[in-house]
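The structure appears below as structure tokens.
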Amino acid sequence: MIEDFSPIPKSYSEIQKATVESGFTMASDLAIGSLLRTLAVSKPGGRFLELGTGTGLSTSWILEGMDHNSRLTTIDNDVACLSIAQKYLGNDPRLNLQCIDGEDWINANLAKRFDLIFADTWHGKYLMLDHILEMLKPSGFYIVDDMNPQPNWPEGHAEKAEKFIEKLDSSRFLTLTKMNWSTGIIVATRKY
Ligand SMILES: C[S@@+](CC[C@H](N)C(=O)[O-])C[C@H]1O[C@@H](n2cnc3c(N)ncnc32)[C@H](O)[C@@H]1O
């Protein structure tokens, strides 16, 4: 079995250390990071969106794949998490890090369009999915992880996940690949 995600972004290792020290328990794994970096490379000059920055782990991978002209907006409502992302990634001029509630951000940015969206919080995944899919450009990637049952899922979450997948499946304009890999990943591409 191949499982080698090197080279790991330098900032990732620093953020990972700070993340463990902070006690943050919702951190993404290396596999999704590696996939995000690979997909990011395919969108030169791209506009990227991450919903759910956490401490900036997945952010560091997306930034690694982006070229000089690309831009990444990432949002989270947790100041403590964001302070870690800010410390290690805040100097990158391509990054727009915002502390804001997901619903407020989406409502204020409905006209924006993105080449890649990593939906890693409630909004854009279990909430306001239609709004976020409207913000995906044709040929753009929409990515989610944590789709396989996780030990920390609260009661009722499995049903929510099932409905979410059904909704993605029923979209006329998405092509989906569901991967039983990492925490369970779905990559969707917008056809038109
Ligand atoms: C799965 S974690 C993100 C993990 C991160 N992408 C990583 O690479 O480790 C989900 C994040 O969503 C954030 N969150 C929860 N509710 C939110 C809301 N209403 N608006 C914005 N962010 C929210 C949490 O603070 C948490 O950092």
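Among the numbered conditions (1) within 18 Å of GLY33 (Cβ to Cβ); (2) surrounded by 14 or more Cβ atoms within 10 Å (Cβ to Cβ), the only one that TRP181 does not meet is (2).
Taking the conditions (1) in contact with a helix residue (DSSP H, G or I) (Cβ under 9 Å, 6 or more places away or on another chain); (2) within 14 Å of the ligand (Cβ to nearest atom); (3) assigned to a helix (DSSP H, G or I); (4) not small (Gly, Ala, Ser) in turn, LEU97 satisfies each one other than (3). Among the residues making up the stretch 1-28, those that are in contact with a Ser or Thr (Cβ under 6 Å, 6 or more places away or on another chain) and either under 13 Å from SER83 (Cα atoms) or loosely packed, with under 12 Cβ neighbours inside 10 Å (or both) are ILE15, THR19, PHE24.
Only residues that are charged (D, E, K, R), within 16 Å of ARG190 (Cα to Cα) and in a loop (DSSP other than H, G, I, E, B) were counted across the stretch 100-133, and they come to 3. Considering LEU127, LEU110, LEU133, the condition of being within 9 Å of the ligand (Cβ to nearest atom), modelled with pLDDT of 95 or more, surrounded by fewer than 22 Cβ atoms within 10 Å (Cβ to Cβ) and under 28 Å from ILE165 (Cβ atoms) is satisfied by LEU127 alone.
With the requirement that a residue be crowded, with 23+ Cβ neighbours inside 10 Å and in a helix (DSSP H, G or I), what does the stretch 44-64 give you? Once the filter is applied, which keeps residues that are crowded, with 23+ Cβ neighbours inside 10 Å and in a helix (DSSP H, G or I), the stretch 44-64 yields LEU57, SER58, THR59, SER60, TRP61, ILE62, LEU63. If you go through the stretch 158-192 and keep only what is without any contact (Cβ under 8 Å) to a residue 40 or more places away in the chain and part of a strand (DSSP E or B), you end up with THR175, LEU176, THR177, LYS178, MET179. Residues in the stretch 113-124 that are of a type in the set (Val, Ile, Thr) and more than 9 Å from the ligand (Cβ to nearest atom): ILE117 alone.
I'm checking my understanding of the structure. Among residues of the stretch 5-16 that are in a helix (DSSP H, G or I) and free of Cβ contacts under 8 Å to residues at least 40 places away in the same chain, which one is farthest from the ligand (Cβ to nearest atom)? Checking each candidate, the answer is LYS10. When the residues of the stretch 137-149 are filtered to those that are buried (at least 16 other Cβ atoms within 10 Å of the Cβ) and in contact with a Ser or Thr (Cβ under 9 Å, 6 or more places away or on another chain), the one that is nearest to SER58 (Cα to Cα) is ASP145.
A count restricted to the stretch 65-83 and to residues that are closer than 13 Å to GLN98 by Cα and in a helix (DSSP H, G or I) stands at 5. Of all residues in the stretch 17-74, those that are within 14 Å of the ligand (Cβ to nearest atom), within 15 Å of PHE114 (Cα to Cα), in contact (Cβ under 8 Å) with a residue 60 or more places away in the chain and in contact with a Lys or Arg (Cβ under 9 Å, 6 or more places away or on another chain) total 3. So is ASN91 in a loop (DSSP other than H, G, I, E, B) and either of a type in the set (Gly, Ala, Ser) or more than 20 Å from THR183 (Cβ to Cβ) (or both) or not? So ASN91 passes the test.
Among the residues of the stretch 137-144, is any touching a strand residue (DSSP E or B) at 6+ places or on another chain (Cβ under 8 Å) and in a loop (DSSP other than H, G, I, E, B)?
No, that holds for no residue.
The values are calculated or read from the model by the stated rules, or taken from the named source; none is laboratory data. Keep in mind that what you see is a predicted model, and the values were worked out from it rather than measured. Glycine also receives a Cβ, built like all others from the backbone with ideal geometry; neighbour counts cover every protein chain displayed.
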